[in-house]
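Here the structure is laid out as structure tokens; the discussion comes afterwards.
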Number of protein chains: 2
Amino acid sequence: MNAHDRRLGAVFSALADPTRRRLLGRLAEQPSATATELAAAEPVSRQAIVKHLQSLDEAGLVTPARAGREVRYALTPAPLEDAAGWMTTVGAQWDRRLARLRGKLEAGK
Amino acid sequence: MNAHDRRLGAVFSALADPTRRRLLGRLAEQPSATATELAAAEPVSRQAIVKHLQSLDEAGLVTPARAGREVRYALTPAPLEDAAGWMTTVGAQWDRRLARLRGKLEAGK
DNA sequence: CGACTGTGCAACTCTGGGGTTGCATGAGTT
DNA sequence: AACTCATGCAACCCCAGAGTTGCACAGTCG
């Protein structure tokens, strides 16, 4: 619904594809890379990599920067933290609920 | 490639859908729920919810348990922690690389 | 200028996933 | 046994997305 939730969905959709996860992995080690460079190490065409990088860009996970005639992509880990925060929130809520339930059982015993 | 990576992909794919995220949210508050119960609060059919719950089950995020004639689904937050761990790992790696780079620039100055 | 190389754009195929409807089955209830 | 209600199964539609190929365009360098 919110813009926030859509961003969240974009991040998870981006992370759902193994190729994109590998791209993120490489961009975590390497400061920046071009689509053709990344495509050399992947089993698919350059165009496919370009599309993946566009998805990652729309999720805010990667930032393109023109450098002469090539475009270098760099990692932007901020949305990653946000998404991880959402997950731990859900997990924590569950844990709290479980703790309350256990407390009630103790009291009732 | 590994089973671990496929599990990771399943979790992220599961989280990519807004309906499934809402289902997880409800299961974080409620101890357990049936497909028909959950479908009542969602704008789609029960069959759609069943399919979503199957996805969540395959991702290990939810566990079905037969109770009489109904099937109650409960949250299993463990894979959530794993996936969050992967994300923070990528982010941390990036941060370390950035710190090293900054150190080198300082030294070279 | 002309040659080379990386990007960008467009059209196209094809599979998978979200959603639907219809009906059969299975488990309690009376 | 008859009834009720949740679940399970199957066939089907539709579209987003992953991948491809082909070609045009833009910097860079001889």
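For region B:56-70, a residue qualifies if it is aliphatic (A, V, I, L, M) and either buried (at least 16 other Cβ atoms within 10 Å of the Cβ) or closer than 16 Å to B:R6 by Cα (or both), and the qualifying residues are B:L56, B:A59, B:L61, B:V62. Of all residues in region A:63-109, those being part of a strand (DSSP E or B), among the small types (G, A, S) and either in contact with a helix residue (DSSP H, G or I) (Cβ under 9 Å, 6 or more places away or on another chain) or at the interface with chain B (Cβ under 8 Å from one of its Cβ atoms) (or both) number 1. Is there a residue being near DNA strand D (Cβ under 8 Å from one of its atoms), touching a residue at least 24 places away in the same chain (Cβ under 8 Å) and more than 30 Å from B:E81 (Cα to Cα) anywhere in region A:55-69? So far as region A:55-69 goes, no, none of its residues is near DNA strand D (Cβ under 8 Å from one of its atoms), touching a residue at least 24 places away in the same chain (Cβ under 8 Å) and more than 30 Å from B:E81 (Cα to Cα). Here is the figure for region B:71-109: residues that are surrounded by 12 or more Cβ atoms within 10 Å (Cβ to Cβ) and of a type in the set (A, V, I, L, M) total 10. If you check A:R102, A:R96, A:R46, A:R72 for being among the charged types (D, E, K, R) and in contact with a Pro (Cβ under 9 Å, 6 or more places away or on another chain), only one passes: A:R72. For region B:1-19, residues that are part of a helix (DSSP H, G or I) and either over 9 Å from the mean Cα position of the chain (by Cα) or within 8 Å of another protein chain (Cβ to nearest Cβ) (or both) total 13. For B:T89, the conditions (1) in contact with a Phe, Trp or Tyr (Cβ under 7 Å, 6 or more places away or on another chain); (2) closer than 20 Å to A:A28 by Cβ all hold with the exception of (1).
Filtering region B:28-40 down to residues that are within 13 Å of DNA strand D (Cβ to nearest atom) and surrounded by fewer than 16 Cβ atoms within 10 Å (Cβ to Cβ), which residue is farthest from the other protein chains (Cβ to nearest Cβ)? Residue satisfying both the conditions and the ranking: B:T36.
Only the coordinates and a few stated rules stand behind these numbers; no lab work does. Every value quoted in this text rests on a predicted model; they were computed, and no experiment measured them. Backbone-built Cβ (ideal geometry, glycine too); neighbour counts: all protein chains shown.
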